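To keep things clear, I will list the structure first and then write my remarks on it.
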Amino acid sequence: METVILAVVIAVVVLGALGGLIVGSRRRKPLPPPPPTTPDITAPPAEPHVGDEAETPRDEERRTIEEVDLPGGGAPVAVEEPPLVEAPPIEIPEPTAGRLVRLRARLSRSQNALGKGLLTLLSREHLDDETWEEIEDTLLTADVGVQPTQELVERLRERVKVLGTRTPQELRGLLREELLTLVGTDMDRTVRTEPESSKPGIVMVVGVNGTGKTTTTGKLARVLVADGRTVVLGAADTFRAAAADQLQTWGERVGAYTVRGPEGGDPASVAFDAVKEGKEMGYDVVLIDTAGRLHTKTGLMDELGKVKRVVEKHAPLDEVLLVLDATTGQNGLVQARVFAEVVDITGIVLTKLDGTAKGGIVVAVQRELGVPVKLIGLGEGADDLAPFEPEAFVDALIGD
């Protein structure tokens, strides 16, 4: 019996010991992983030593830069410099003396309808009332005007009646004399650019846009340069796009200096600066191109009056030229009246006479304003602006 009890006790003890071992193993923490292998550390480059720790320099062979072989490469790249913008060459305008005579053929091609028509009618054997009415119609169609036409027809009737027999040569001489009387040979047609007191002469150019005003100003600069004058251009037409560029281009061709302002700026300010520059630089002539939009509006007329007043603070205007389109005929007279009310017109420039047979506008506008035609434009060429010469003009009208 004791043996059994002892065996039981031993079994209990053994079971208790086994249970403790199991519980202890569950509560035991896992061991940390073994440390990694120590890495190899590369020592940094040794710093250069100074003083006592410095090493004794070693003797090494040294080479100059010329002896060093440079790495091979392509040919050196040439750096191109930007091309220089050259100023346009200065043109030498043809002389103005006799220019209208040289352009006579061009004028006669478009104007001969008037002269030849009159000569044909006057050459009829019997000049009855119907013929004289045709002569009047011919003159009116050429824009001579009512009053000048009546005067011319009356004089022709008297002289033809006295002359009796009429040869073609006699008729031509007769018509030439009467047309010269009508056009006027005693007017001063000189463009005044030489003031009595001091330089510069001041010329103001006015007119409606579309008449060739800015182009005429540029061509007038060529006329003056051809006569040996130095010119300043004032681009006071600040309301029309590219007007200043156009005028400056004309000036650069002949070496004229252009004064301009911002687009839409004050025209009077530009005109004032142009005259000021002309005086300071000692130029001979200042040409002022003005605005020409809406010629019937009060605003433009007020601006022109202001430009005139501002310019005259420097010096009085020597010339005010009105540019008219010859193709507009009697409408051009309406424009002339409007401008004449604001500025004192001293001369007329008739443009586009090469494309119309209405040369009588020369007579009509002179009668209307009481001022002479001083320049006429006969084409698009740079030198197609010519001083008006009555004899050459009438000869071109009636032909040879």
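The values are calculated or read from the model by the stated rules, or taken from the named source; none is laboratory data. Note that the coordinates shown come from a computational prediction; the quantities given were computed from them, not determined experimentally. FYI the Cβ positions are ideal-geometry reconstructions off the backbone, even for glycines, and counts take in every protein chain you see. For accessibility, only protein heavy atoms count, side chains too; no ligands or nucleic acids. Shrake-Rupley method; radii C 1.70, N 1.55, O 1.52, S 1.80 Å.
Per-structure values
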read-out: Of residues in the stretch 211-237 being among the hydroxyl-bearing types (Ser, Thr, Tyr) and over 11 Å from the mean Cα position of the chain (by Cα), the one most open to solvent (accessible area, probe 1.4 Å); value: THR230
read-out: Residue list for the stretch 359-369, restricted to those being modelled with pLDDT under 90 and not charged (D, E, K, R); value: GLY359, GLY360, ILE361, VAL362, VAL363, ALA364, VAL365, LEU369
read-out: Single residue of the stretch 195-210 satisfying the filter (touching a Lys or Arg at 6+ places or on another chain (Cβ under 9 Å) and open to solvent by 10 Å² or more (accessible area, probe 1.4 Å)) that is modelled with the highest pLDDT; value: VAL208
read-out: Condition broken by GLY164, with the remaining ones in (1) within 39 Å of the chain's Cα centre (by Cα); (2) on the phi > 0 side of the Ramachandran plot; (3) open to solvent by 10 Å² or more (accessible area, probe 1.4 Å) satisfied; value: (1)
read-out: Restricting the stretch 238-264 to residues that are open to solvent by 50 Å² or more (accessible area, probe 1.4 Å) and touching a residue at least 60 places away in the same chain (Cβ under 8 Å), the residue that is nearest to PRO93 (Cα to Cα); value: ARG253
read-out: Among residues of the stretch 201-214, those that are hydroxyl-bearing (Ser, Thr, Tyr) and in contact with a Gly (Cβ under 8 Å, 6 or more places away or on another chain), counted; value: 1
read-out: Within the stretch 224-249, tally of residues that are in a helix (DSSP H, G or I) and touching a helix residue (DSSP H, G or I) at 6+ places or on another chain (Cβ under 8 Å); value: 5
read-out: Cβ pairs under 7 Å, 6+ apart, first in the stretch 320-333 and under 13 Å from LEU369 (Cα atoms) and modelled with pLDDT under 80, second β-branched (Val, Ile, Thr) and open to solvent by less than 20 Å² (accessible area, probe 1.4 Å); value: GLY332/ILE361; GLY332/VAL365
read-out: Among residues of the stretch 159-212, those that are more than 20 Å from VAL232 (Cα to Cα), assigned to a loop (DSSP other than H, G, I, E, B) and β-branched (Val, Ile, Thr), counted; value: 5
read-out: Residues of the stretch 111-123 satisfying the condition of being open to solvent by 80 Å² or more (accessible area, probe 1.4 Å) and modelled with pLDDT of 85 or more; value: THR120
read-out: Of all residues making up the stretch 274-305, the number that are assigned to a helix (DSSP H, G or I), at pLDDT 90 or above and surrounded by 14 or more Cβ atoms within 10 Å (Cβ to Cβ); value: 6
read-out: Any hit, the stretch 145-160, residues being closer than 21 Å to ILE376 by Cα, open to solvent by less than 30 Å² (accessible area, probe 1.4 Å) and not acidic (Asp, Glu); value: yes
read-out: Selection count where residues are in contact with a helix residue (DSSP H, G or I) (Cβ under 7 Å, 6 or more places away or on another chain) and more than 23 Å from GLU368 (Cα to Cα), scope the stretch 121-155; value: 8
read-out: Identity of the residue in the stretch 167-192, polar (S, T, N, Q) and open to solvent by 70 Å² or more (accessible area, probe 1.4 Å), that ends up modelled with the lowest pLDDT; value: GLN169
